[in-house]
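Right, one structure below, let's go through it.
The values are calculated or read from the model by the stated rules, or taken from the named source; none is laboratory data. Quick caveat, the model's predicted, so the values are computed rather than measured. Cβ placement follows ideal geometry from the backbone for every residue including glycine, while neighbour counts extend to all protein chains displayed.
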Amino acid sequence: MTEISTVLITGGAGYVGSSLVPKLLKEGYHVKVLDLFLYGEDLFDEFQDNPYLTLIQGDIRDQELLRTSLAGCDAVIHLACISNDPSFELDKELGKSINLDAFEPLVDIAKSSGVRRFIYASSSSVYGIKKEKNVTEELELEPLTDYSLYKAQCEEILLKKREEGFVTLVIRPATVCGYAPRLRLDVCVNILTCHAYHTGKMKVFGGEQLRPNLHIEDMTELYLQSLRWPDGKIDGKVFNVGYENYSVRNIGHIVESAVGQHVETVVTPSDDLRSYHISSEKIREELGFEPRHSIEDAVEGLIEAFKSGKVPEAMDNKRYYNIKMMQAVHLK
Ligand SMILES: NC(=O)c1ccc[n+]([C@@H]2O[C@H](COP(=O)([O-])OP(=O)(O)OC[C@H]3O[C@@H](n4cnc5c(N)ncnc54)[C@H](O)[C@@H]3O)[C@@H](O)[C@H]2O)c1
């Protein structure tokens, strides 16, 4: 395999991308970000003179734009997505057009442009609710929502497109947590930390459900490594990745002790009792990848960011809340 030097990151101006792009630049990659920049256009201002970074503001459904953007790329990391259930449910047609319909053309154009490696951010939600204690990759997928269903369907499409010289890798990450320049405060650990810090209160829905989490530093380290692992180790493979499988209530305890003062916890019954414990053994055994950052680290990092003013208007600015932004932008 010749080395990968130029990478297109779709959705690179999102939560995961905002932490991944600087990391890849630091490692010497040429990075192209193709994104609608829904959550802020100023994200990469500090890199504006960096010749290794190309920002392309546009839509992954625009096939002409895909052709020009993919020219000269060795790899794609596909993150662009309407990326949570509530945002998806706002406009299902829109969600389908981005999360499913745009996928096959993207893969085809990547292939015909000479891309040699395609990395797809699926989700551990593709499993649905399992009775098995440890959810491993070969278990049947039983997605419960369209968001998860389309993730599963894209996996299938990608695996079909795989061929000699076009290496495919599917990652099924747990819910990501921790601080990033484009912060999401609508994911479990981040929500609880934000509320506990700013209001002294946390609402815990249900509480006993297990939710696997992964620190954003580990998530982005994995994507970095995915450009380096030898073809034979990843080609056509699917890997779960998560770190700690804690109950929501336990996450609440971690948050409370990190905030360092009494936090009132309001437990409300929830109709979202999805509980899953994903196994990340396969990626550890086959690729030697092990997350190194804990939930405590994520919570502490968030609190530090709140304290130092890096997250202004944390409770209300729609930039941190996908559903609020999607309601505001009227994307078609
Ligand atoms: N964050 C998590 O907890 C988590 C967990 C598992 C999987 N994932 C997957 O990882 C990926 C990244 O997640 P994230 O949290 O960074 O999401 P995010 O919502 O923060 O980022 C998605 C980005 O995609 C862009 N985008 C949306 N539609 C687009 C379009 N049509 N054309 C171009 N850009 C478009 C948005 O502007 C945004 O910047 C997603 O595919 C998500 O499903 C995330």
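On the given criteria, is GLU104 more than 13 Å from the ligand (Cβ to nearest atom) and either touching a His at 6+ places or on another chain (Cβ under 8 Å) or on the phi < 0 side of the Ramachandran plot (or both)?
Criteria met by GLU104.
Which residues, counting only those in region 20-60, are more than 9 Å from the ligand (Cβ to nearest atom) and part of a helix (DSSP H, G or I)?
Those that are more than 9 Å from the ligand (Cβ to nearest atom) and part of a helix (DSSP H, G or I): VAL21, PRO22, LYS23, LEU24, LEU25, LYS26, ASP45, GLU46, PHE47.
Quick one: is GLY232 at pLDDT 90 or above and either of a type outside the set (Lys, Arg) or closer than 17 Å to SER122 by Cβ (or both)?
Yes, satisfied.
Could you tell me which residue of region 75-95 is nearest to the ligand (Cβ to nearest atom), considering only residues that are surrounded by fewer than 21 Cβ atoms within 10 Å (Cβ to Cβ) and part of a loop (DSSP other than H, G, I, E, B)?
The residue in question is ASN84.
Just one of the numbered conditions (1) touching a Gly at 6+ places or on another chain (Cβ under 8 Å); (2) assigned to a helix (DSSP H, G or I); (3) within 16 Å of the ligand (Cβ to nearest atom) is not true of GLN153; which one?
With (1) touching a Gly at 6+ places or on another chain (Cβ under 8 Å); (2) assigned to a helix (DSSP H, G or I); (3) within 16 Å of the ligand (Cβ to nearest atom) applied to GLN153, the lone miss is (1).
Residues that are out of contact with any Gly (no Cβ under 7 Å at 6 or more places or on another chain), part of a loop (DSSP other than H, G, I, E, B) and within 19 Å of LEU66 (Cα to Cα): does region 99-111 have at least one?
Yes; the residues of region 99-111 include at least one that is out of contact with any Gly (no Cβ under 7 Å at 6 or more places or on another chain), part of a loop (DSSP other than H, G, I, E, B) and within 19 Å of LEU66 (Cα to Cα).
Got a sec? Which of ASN250, ASN190, ASN240, ASN213 is closer than 20 Å to VAL135 by Cβ and either out of contact with any helix residue (DSSP H, G or I) (no Cβ under 9 Å at 6 or more places or on another chain) or outside any strand (DSSP E or B) (or both)?
ASN250
Could you list, ordered by first residue, the pairs with Cβ atoms under 8 Å in which the first is in region 217-228 and under 14 Å from GLY14 (Cα atoms) and within 11 Å of the ligand (Cβ to nearest atom) and the second is of a type in the set (Lys, Arg) and assigned to a helix (DSSP H, G or I), at least 6 apart or interchain?
So the pair list comes out as THR220/LYS23.
Looking only at residues that are part of a loop (DSSP other than H, G, I, E, B) and modelled with pLDDT of 95 or more in region 112-135, which one is surrounded by the fewest Cβ atoms within 10 Å (Cβ to Cβ)?
That would be GLY114.
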